[in-house]
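The values are calculated or read from the model by the stated rules, or taken from the named source; none is laboratory data. As the structure is a prediction and not an experimental result, all values here were calculated from the model. Quick reminder, even Gly has a Cβ in these numbers, built from the backbone with ideal geometry, and neighbours come from all protein chains shown. Side chains are part of the model used for accessible areas, which takes the heavy atoms of the whole protein and leaves out ligands, DNA and RNA. Shrake-Rupley method; radii C 1.70, N 1.55, O 1.52, S 1.80 Å.
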Amino acid sequence: MDLQNFDIDLFLCEYWQKKPLLIRNAFRDWQNPLEPDELAGLACEEETESRLIIQTETGWEMEQGPLAEERLSGLSESHWTLLVQAVDHHVPAVADLIAPFRFIPNWRIDDVMVSLAADQGGVGPHFDQYDVFLIQGLGRRHWQIGAHCDADTPLLPHEDLKLLSAFEATEEWVLEPGDILYVPPGIAHNGVAMGADCMTYSVGFRAPSRADILGHYVDDILDGIPDDELYRDPDLKAQANPGEILPDALGRLQQMMLESLSDPAHFARWFGTFNSTPKYPDMDWRPEEPVTPEELRAAINAQLPLARNPASRLAFIAGGKDALMLFADGICFDCVGETAALAKDLCAADSLVLDAAIAGSPAAVDLLTQLCNQGCIAFDSED
């Protein structure tokens, strides 16, 4: 699935994280990949994250999933929206919607959230902290774009929803199936369904916050710092006022901290591991029976296609000559030579057919076996 007549370089230069963009008829032959009843079924399952948002005469209400079938079937004919996160983890056809946006690095991808709305359904005027491509899948939705917002923007008092207390539209459109609206971080927007069975696919891209990175990285560093690394001042001189903390002391203290934070190699390994950790770590994608190296060689020789699990996060950081660190669902694999080349191929494509020569490489077979048994990749069966 490709975007037609879409200038990637122009988009990145003029729109990415700068201003919204409406893309009409983005796909040549758009086909909605998921039926409303199928999405409702996912919202009833324990392993999926879902929400039901209802607009009433007195305000907004939210119910956290999983939701009972009776609850969904008893909803009114208007003013509600069902949201299901990470549908790409469960439905391959929805995962395929990410492919057209691979010009954004994989490590930035979050998931595909799908919404199903009744007539006049929406989630209210709001803004997000991430980039999102809103693909209209079924029905029609009226979108309004507003001003840029930040942490000081007033919100309505609500325990669960962060809705704007005031919203003024600066642009608005009606999206038809196959249209896309790109919304950068911080831009206020409001979407309202026009008719029943309005489905929107939100391809979201995450951006780690400074606080998130610093907090987790410091925790990781602390685990490796010996208790006897104490502040030292062997050149201490008598000072006029013992109550003053002198600039030299502050400089040493800050240097102690900076030295712990300034190891590029350690940061690279930590960030790759941190960023590739699954969004839902409790979900187990491992095969029922572990794959053996012999079975894996047979699959390679049979030229069976190898597919990446849509729920898995794979990325790599290049090192020295012919070496790299491959990160797969929070685990780091040090690769060199042929395994490094293999790792790049695994990260570049959602599916591929491996060269039969790989079956003769013990290191490559070992890496693939570990990834298969971790649930990151799997060979498609011949039937």
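Please find, among GLY204, GLY191, GLY272, the residue that is assigned to a helix (DSSP H, G or I), touching a residue at least 60 places away in the same chain (Cβ under 8 Å), surrounded by 12 or more Cβ atoms within 10 Å (Cβ to Cβ) and in contact with a strand residue (DSSP E or B) (Cβ under 6 Å, 6 or more places away or on another chain).
Details: GLY204 fails: assigned to a helix (DSSP H, G or I); GLY191 fails: assigned to a helix (DSSP H, G or I).
Sole residue among the options that is assigned to a helix (DSSP H, G or I), touching a residue at least 60 places away in the same chain (Cβ under 8 Å), surrounded by 12 or more Cβ atoms within 10 Å (Cβ to Cβ) and in contact with a strand residue (DSSP E or B) (Cβ under 6 Å, 6 or more places away or on another chain): GLY272.
Being touching a residue at least 60 places away in the same chain (Cβ under 8 Å), part of a helix (DSSP H, G or I) and farther than 27 Å from LYS279 by Cα is the filter here; which residues of region 363-383 pass it?
Filtering region 363-383 down to residues touching a residue at least 60 places away in the same chain (Cβ under 8 Å) leaves 365-366, 368-369, 372-382.
From what's left, part of a helix (DSSP H, G or I): 365-366, 368-369, 372-374.
Selection gives VAL365 alone.
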**Item:** Extreme residue, farthest from ALA147 (Cα to Cα), among residues of region 1-12 that are open to solvent by 40 Å² or more (accessible area, probe 1.4 Å) and under 22 Å from the mean Cα position of the chain (by Cα)
**Value:** MET1
**Residue among LEU250, LEU258, LEU296 that is in a helix (DSSP H, G or I) and open to solvent by 90 Å² or more (accessible area, probe 1.4 Å)** = LEU250
**Item:** Enumeration of residues in region 134-150 that are surrounded by fewer than 19 Cβ atoms within 10 Å (Cβ to Cβ) and charged (D, E, K, R)
**Value:** ARG140, ASP150
**Message:** Tally up the residues in region 332-359 that are in contact with a Phe, Trp or Tyr (Cβ under 9 Å, 6 or more places away or on another chain) and part of a helix (DSSP H, G or I), please.
**Reply:** 6
**Request:** Would you check if ALA211 is part of a helix (DSSP H, G or I), open to solvent by less than 50 Å² (accessible area, probe 1.4 Å) and within 30 Å of GLN85 (Cα to Cα)?
**Result:** no
**Request:** Within region 151-170, count every residue that is in contact (Cβ under 8 Å) with a residue 40 or more places away in the chain and exposed (fewer than 13 other Cβ atoms within 10 Å of the Cβ).
**Result:** 1
**Prompt:** When only residues in region 117-133 that are open to solvent by 10 Å² or more (accessible area, probe 1.4 Å) and in a strand (DSSP E or B) count, which is nearest to LEU72 (Cα to Cα)?
**Reply:** ASP119
**Prompt:** Of the residues THR56, THR48, which is under 18 Å from ALA196 (Cα atoms) and either crowded, with 21+ Cβ neighbours inside 10 Å or not acidic (Asp, Glu) (or both)?
**Reply:** THR56
**Request:** Return the total of residues in region 13-29 being open to solvent by 60 Å² or more (accessible area, probe 1.4 Å) and over 19 Å from LEU175 (Cα atoms).
**Result:** 4
